[in-house]
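Colleague: I have a structure here, written as structure tokens, and I will follow up with some questions on it.
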Amino acid sequence: MPRTKGSPQKCVKTANCHPSANTWVFLMKGDNLDDTDDGQPEVVKLRHPASSKPAIFVFSPGNITVQEVLMFDESKRSWFIDDNVKSDGKLHLSTPIDPIFLVLPYLRKSQLAQPLEQCLWDEDYPETSRLAQCKNLKLSLVADRKGDESLQAFKFNEEKSLKWLQKKVERVADVLKQKGIHVSQGAMSATYVKSTKFETGTEAEYLKYAHGIVSEYLAEDLSKQLAQYMNIPDEAEGKKRKLSNPKVEPDEKRPKKDPLKESPAPKAKMKELTKPEKKNAAPGKKELAKQRAAAGSKSITSFFKKK
């Protein structure tokens, strides 16, 4: 999702007890999370729209906006806060998120038109009902309103949702192109890398990369539906097709090989078989001289025999 502009603000809130034990370090964007007369920002747990597992979010005072909290945890890091040292050096970063992403799983689960508060009721995550108060929750983009307007009853509309998600993907793709993000096949790292003018990706590559980013907030089946709706190819399916349809020549086109002709004896062995036997060579001059000098001399062992 494209992020709002603005420099991040460091926000440190401490409890009445020892600050090193109950302090979180936050980097927040925007001024809508500052303390107001309506209260202060509240950190709550909600169901993540993609995995349904618990995730941390922060609501602004009055539940006007909601932001996702991302945590960066590295070893051997600590914080100095006033006169204390916090050994847990985790850094929490809050980023804006469209509340529709959080409401969408509940709308899809409900097959009938229901009032929004009833649709958002979650026994495991009771804070989910706060989403109904968000200012930018425009459910008419993904659902149909039923009954009286005051009833606020909605029913999930798949066609509307896919069109809304397509616009999200296209918007993310435009931001990626403006930022010059490298999105070609070599971009395997999760860290964004600035690309040169010779490395700009194609329109299809930007859409595919943007689809992956948006899919981080979608259920797996909805992500596949969106890919099919936008005609974005699936790499896994392409690999399966390549593996299942290998190009193999028919047997009748392949020349038959004679095993006797194809397995001749090694060259080294053939040379050994054809090499003629060596005849006893005549002794040289030095050898003849040694034989003459040794003629008539006794063996050294003869001196040690009994007489």
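The values are calculated or read from the model by the stated rules, or taken from the named source; none is laboratory data. This structure is a prediction, so every number in the text was calculated from the model and none was measured. Cβ placement follows ideal geometry from the backbone for every residue including glycine, while neighbour counts extend to all protein chains displayed. Note: areas computed on protein heavy atoms with side chains; ligands, DNA, RNA excluded. Shrake-Rupley method; radii C 1.70, N 1.55, O 1.52, S 1.80 Å.
Colleague: Roughly how many Å² of Ser78 are accessible to a 1.4 Å probe, to the nearest 10?
Modeller: Approximately 60 Å² of Ser78 is accessible to the 1.4 Å probe.
Colleague: To continue, here is another question. Taking R0 as 35 Å, what's the FRET efficiency between Lys146 and Leu70 from their Cβ-Cβ distance, rounded to 0.05?
Modeller: Once rounded, the FRET efficiency stands at 0.45.
Colleague: For the full complex of protein chains and a 1.4 angstrom probe, list Leu226, Leu141 by accessible area with the highest value first.
Modeller: Leu141, Leu226
Colleague: May I pose another question? In what sequence, largest accessible area first, do Trp24, Trp79 appear using a 1.4 Å probe?
Modeller: Descending accessible area places them as Trp24, Trp79.
Colleague: Counting only protein chains, not ligands or nucleic acids, how are Lys53, Lys135 ordered by accessible area (probe 1.4 Å), most first?
Modeller: My answer, sorted largest first, is Lys135, Lys53.
Colleague: Might you report the magnitude of the Cβ-based charge dipole of segment 81-144 about its Cα centre, with Lys and Arg at +1 and Asp and Glu at -1, to the nearest 20 debye? Walk me through the numbers before you get to the answer.
Modeller: Numbers: 7 positive and 10 negative charges, 64 e Å.
The dipole magnitude comes to about 300 debye.
Colleague: Continuing with the same structure: With all protein chains present, calculate the accessible area of Arg77 using a 1.4 Å probe and round the result to the nearest 10 Å².
Modeller: Probe radius 1.4 Å; accessible area of Arg77 about 80 Å².
Colleague: Right, next: Determine how large the accessible area of Thr202 is when every protein chain is in place; take a 1.4 Å probe and give Å² rounded to the nearest 10.
Modeller: Per-residue accessible area (Thr202): approximately 80 Å².
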